[in-house]
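Below: one structure, written as structure tokens.
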Amino acid sequence: MLRYLFHRLWQSAVTLVLASIVVFAGVRTLPGDPALAMAGEEADPETLAAVRAQLGLDDPLPLQYLKFLGHALTGDFGRSTRTGTPVSEMIGTTLPVTVQLAVYAMLIAVLAGLLLGVVAAVFRGRWPEWTANGFSLFALSVPTFWLGILAVVYLSVQLGWFPASGYVSPLKDPLRGLYYLTLPAVILGLSHAAVVQRQTRASMVGTLTADFVRTARAKGLGRGSVIFRYGLRNSLIVVTTIVGLQLGGLIAGAVVTERIFSLPGIGKLTLDSVFSRDYPVIQAVVLVITFAYIVINLLVDVLYTVIDPRVRVSGRAA
């Protein structure tokens, strides 16, 4: 168990270093000059040179990367070239909004996906399976931005059931905060619920036709116990993997949803930074999202040892 965790921690650290190199190099291939964006289009060469020296853009790239990595390890991502605000402060303000939205959307996706997946697996070849599969096909086929626009037009503007935009922190006002996040979370979570539903159904169909399940039924075990104790539990390895990957994708992919519903999350911060060539903010945002991906995948691997005891014995994911 400890050897397995140490191996995964080592892999995660190497992945994070490689990701930081890719982020650092990728940001510097973007068109535009951050010094020019900060100093203004009318800046003279002397001013541009001073701004470049202040930002460290005149240093060799390896030295720039080492400075960036050293500061990042201490949580210091520099200052925004657009506003002069510390980047860590900007991320600290916007990241909680995106995390709250992503967790809420994933909760909806998991509950809906597991329920529909179990229904589709248990009632194979009948109308409940067709209904569940129809939902997943619809959720995967319809673009999120189009569904979000329709939701704003009909559910918010015409019917007035949900607010069209705005944000209230659930930490300050839980009920009102959840009310403002419900519609964006549903829209964001629909396609992910479809993925969970399909994976749950496929995994449970294989499990429910296995020999050990037929043996349990032959011994008189109740239908509910067979479905949930054997079928669903043995399907959770696959579902846990999907949920872990989807949660990371939700954090990174909330840009469109935040834009539609005017949420002050990290997606809006990313778009504003790309348009203004704000190097420090872009680097920090991508690195933080990458770190979130790595941590989530590490937690998923740890959950494997809880769900499947074979992982504890073999020291690797089954």
Task: Heavy-atom accessible surface of the range 98-277: percent carbon and sulfur, 1.4 Å - done: 67
Task: Positive-end residue of V168, W146, G189, charge dipole of the range 98-277 with Cβ unit charges - done: G189
Open item on the list: With +1 assigned to the C-beta of every Lys and Arg and -1 to the C-beta of every Asp and Glu, and no other charges, what is the dipole magnitude of the range 98-277 about the Cα centre in debye, to the nearest 20?
Closed with: 640
TODO: Please name whichever of N133, T270, V213 sits farthest to the positive end of the charge dipole of the range 98-277, dipole taken about the Cα centre and charges placed at Cβ: Lys and Arg +1, Asp and Glu -1.
DONE: V213
- [ ] Starting from the Cα-Cα distance between D211 and L178, subtract it from 0.36 nm times their residue separation and give me the gain in nm to one decimal.
- [x] 7.4 nm
Open item on the list: Would you report the distance distribution of C-alpha pairs in the range 133-240 as whole percents per 10 angstrom bin, up to the bin with the largest distance?
Closed with: 13, 28, 24, 20, 12, 3
Task: Label-point gap, in nm, between A50 and L299 - each point 7 angstrom along Cα→Cβ - done: 4.7
TODO: Round to the nearest 10 and report in Å² the accessible area of H192, as given by a 1.4 Å probe over the protein chains' heavy atoms.
DONE: 30
Task: Most to least packed among 126-137, 275-286 [average Cβ atoms within 10 Å] - done: 275-286, 126-137
Task: Ranked by how many other beta carbons lie within 10 Å on average, peptides 292-299, 212-219 from highest - done: 292-299, 212-219
Task: Surrounding net charge for N133, when Lys and Arg each add one and Asp and Glu each subtract one, Cβ distance under 14 Å - done: +3
Open item on the list: Treating only the Cα positions of the range 98-277 as identical point scatterers, give the base-10 log of I(q)/I(0) from the Debye formula at each q in 0.13, 0.17, 0.19 Å⁻¹.
Closed with: -0.72, -1.03, -1.17
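The values are calculated or read from the model by the stated rules, or taken from the named source; none is laboratory data. No experiment lies behind these values; they were computed from the predicted model shown. Reconstructed Cβ throughout: ideal geometry from the backbone, glycine too, with neighbour counts over all protein chains shown. The protein model used for the area step is the full one, side chains on, heavy atoms only, and it has no ligands, DNA or RNA in it. Shrake-Rupley method; radii C 1.70, N 1.55, O 1.52, S 1.80 Å.
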